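Each remark here refers to the structure printed beneath this line.
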Amino acid sequence: QVQLVESGGGLVQAGDSLGLSCAASGRTNSRYFMGWFRQAPGKEREFVAAISWSGISAYYADSVKGRFTISRDNAKNTVYLQMSSLKPEDTAVYYCAARNTITTSLNRVDYDYWGQGTQVTVSS
């Protein structure tokens, strides 16, 4: 089992930057493919970004490409999401998720572990 805890959410203005962190604990000696998802009120949870175990490969939703950056520090068991040029439509609860494998998937149904989420609100 892996426990994921997100932090760093908050209220910002459009155009601002914000960084999220996801700390993993528990069975962290295994290798996990990691992702960030988000869910706005009344909408389905959607893919935002993902990163390979090595950190070499990163994947982004078209809506955030060029504005968000995902990274990881395996020594700290932490994954990060740096968000810049934030827009009101980025407002959502952001979730960190882990796949119990190193293979790539951007589909939320393929993720085995989830954090509790952190709220990001972008005002116009």
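The values are calculated or read from the model by the stated rules, or taken from the named source; none is laboratory data. Nothing here was measured: the structure is a model prediction, and the numbers come from that model. Every residue, glycine as well, gets a Cβ built from its backbone with ideal geometry; the counts of neighbours run over all protein chains shown. We work out accessible area using only protein heavy atoms, side chains counted, and drop any ligands, DNA or RNA first. Shrake-Rupley method; radii C 1.70, N 1.55, O 1.52, S 1.80 Å.
Results, tabulated for the structure shown:
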quantity	calculated
Enumeration of residues in the stretch 101-111 that are of a type outside the set (Gly, Ala, Ser), touching a residue at least 24 places away in the same chain (Cβ under 8 Å) and closer than 22 Å to residue 39 by Cβ	104, 106, 107, 108, 111
Condition check for residue 30: of a type outside the set (Lys, Arg), touching a residue at least 60 places away in the same chain (Cβ under 8 Å), part of a loop (DSSP other than H, G, I, E, B) and more than 18 Å from residue 122 (Cα to Cα)	yes
Whichever residue in the stretch 13-54 is small (Gly, Ala, Ser) and under 9 Å from the mean Cα position of the chain (by Cα) and, among such residues, is nearest to residue 99 (Cα to Cα)	35
Filter pass, residue 100 being polar (S, T, N, Q) and touching an Asp or Glu at 6+ places or on another chain (Cβ under 8 Å)	yes
Residue count, the stretch 84-114 (criterion: assigned to a strand (DSSP E or B), under 18 Å from residue 12 (Cα atoms) and open to solvent by less than 30 Å² (accessible area, probe 1.4 Å))	2
Residues being surrounded by 14 or more Cβ atoms within 10 Å (Cβ to Cβ) and of a type in the set (S, T, N, Q) - total across the stretch 8-57	4
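Table: residues versus (1) among the basic types (Lys, Arg); (2) more than 23 Å from residue 3 (Cα to Cα); (3) modelled with pLDDT of 95 or more.
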site	(1), (2), (3)
41	no, yes, no
46	no, no, yes
60	no, yes, yes
66	no, yes, yes
103	no, no, no
